[in-house]
Amino acid sequence: MTSVRAEPFDDVASGEAPVHGFIHHAKAKGDFVVLTHGAGGNCNGPLLVALADTFAVAGLTTLRCDLPFRQRRPTGPPSPSDAKHDQDGLRRAVTLMREKFTGHAFLGGSSYGGRQASMLVAAEPSLVEGLLLLSYPLHPPGRPTQLRTEHLSSLRTPTLLVSGTRDAFGSIAELEAAIKLIPAPAKLVAIEGAGHGLLQKSNRSELPGRVVQEFQSFFDLH
């Protein structure tokens, strides 16, 4: 995989959610993707770095950013009260990128980050042209009745989901049932043998390329 130089990106404005991350520039200043992490990670996770590189090589400038909760504390999970602030941070990240790039805007995240992205876009459907949800946490492990689906029926933005067949936060069958609630075009890509983290030793060389290829095909970006 070709590596793309990542530039630090920081914006702290009075009264606005802070944005911290790294931009991987594509050659053309057109379409862009904002990607964020899960509850236990940060924007330097191997999956986000690999995807950002691959997206940039494919022509989509990518910002991988830390959610506000992670900017406040380097370790530990978010609390329920963090959700609104984290969504504010994602909205701010997209807004700042729209000021720099004129193409289609996409927002995505892994696990918790993807859930916050989907909740934000369900409430604000014009924010981006598409969503990428990596390992969407459909329910807590071992608690399949505690579904996180309340907002899906309000999600009117095309959505691509990528999940492993061994993900304890939601089986492929459970996710296939859940995405039927989404009134917009939606597709689930199953990664055979992968767990919640998606990226593993056996698929490290091929997974980023497959995700980006599925993304370009689903959103008709070829």
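Here the condition is being assigned to a loop (DSSP other than H, G, I, E, B), surrounded by 18 or more Cβ atoms within 10 Å (Cβ to Cβ) and touching a Lys or Arg at 6+ places or on another chain (Cβ under 6 Å); of Ala26, Ala17, Ala52, it holds for Ala17 alone.
I'd like the residue in the range 74-108 that is of a type in the set (Val, Ile, Thr) and surrounded by fewer than 17 Cβ atoms within 10 Å (Cβ to Cβ) and, out of all such residues, is nearest to Leu133 (Cα to Cα).
Filtering first and then ranking leaves Thr95.
For the range 117-125, the criterion of being at pLDDT 95 or above, closer than 23 Å to Leu161 by Cβ and among the hydroxyl-bearing types (Ser, Thr, Tyr) is satisfied by at least one residue. Of Leu181, Leu188, all but one fail to be aliphatic (A, V, I, L, M) and over 19 Å from the mean Cα position of the chain (by Cα); the exception is Leu181. The single condition from (1) at pLDDT 95 or above; (2) within 24 Å of Arg115 (Cβ to Cβ) that Pro8 fails is (2).
In the range 151-159, the count of residues that are crowded, with 23+ Cβ neighbours inside 10 Å, in contact with a strand residue (DSSP E or B) (Cβ under 6 Å, 6 or more places away or on another chain) and at positive phi is zero. Note on the range 116-129: residues that are surrounded by fewer than 23 Cβ atoms within 10 Å (Cβ to Cβ) and either in contact (Cβ under 8 Å) with a residue 12 or more places away in the chain or not in a loop (DSSP other than H, G, I, E, B) (or both) amount to 7. Taking the range 110-127 as the range and being on the phi < 0 side of the Ramachandran plot, in contact with a strand residue (DSSP E or B) (Cβ under 8 Å, 6 or more places away or on another chain) and not hydrophobic (A, V, I, L, M, F, W, C) as the test, the residues that pass are Ser110, Gly113, Gly114, Arg115, Gln116, Ser118.
Which of the residues belonging to the range 185-222 are touching a Lys or Arg at 6+ places or on another chain (Cβ under 7 Å) and exposed (fewer than 14 other Cβ atoms within 10 Å of the Cβ)? Residue satisfying the conditions is Gly193 alone. Is one or more of the residues making up the range 60-73 surrounded by fewer than 16 Cβ atoms within 10 Å (Cβ to Cβ), free of Cβ contacts under 8 Å to residues at least 12 places away in the same chain and either part of a loop (DSSP other than H, G, I, E, B) or touching a Lys or Arg at 6+ places or on another chain (Cβ under 9 Å) (or both)? Yes, the range 60-73 contains a residue that is surrounded by fewer than 16 Cβ atoms within 10 Å (Cβ to Cβ), free of Cβ contacts under 8 Å to residues at least 12 places away in the same chain and either part of a loop (DSSP other than H, G, I, E, B) or touching a Lys or Arg at 6+ places or on another chain (Cβ under 9 Å) (or both). Of all the numbered requirements in (1) of a type outside the set (Phe, Trp, Tyr); (2) free of Cβ contacts under 8 Å to residues at least 12 places away in the same chain; (3) assigned to a loop (DSSP other than H, G, I, E, B), Asn203 misses one, and that requirement is (2).
Residue pairs whose Cβ atoms lie under 6 Å apart, separated by 6 or more positions or on different chains, with the first residue in the range 143-168 and touching a residue at least 40 places away in the same chain (Cβ under 8 Å) and the second assigned to a strand (DSSP E or B), are Pro158/Gly130; Thr159/Leu131; Thr159/Ala186; Leu160/Leu132; Leu160/Lys187; Val162/Leu134; Val162/Val189.
Among the residues of the range 144-172, those identified as in a loop (DSSP other than H, G, I, E, B) and farther than 23 Å from Val211 by Cα are Pro144, Thr145, Gln146, Leu147, Arg148, Thr149, Glu150, His151. Scanning the range 39-85 for residues that are more than 15 Å from the chain's Cα centre (by Cα) and among the acidic types (Asp, Glu) yields a count of 1.
The values are calculated or read from the model by the stated rules, or taken from the named source; none is laboratory data. Small disclaimer: the values here were computed from a predicted structure and weren't measured. Neighbour counts run over all protein chains shown; Cβ positions are idealised from the backbone, glycine included.
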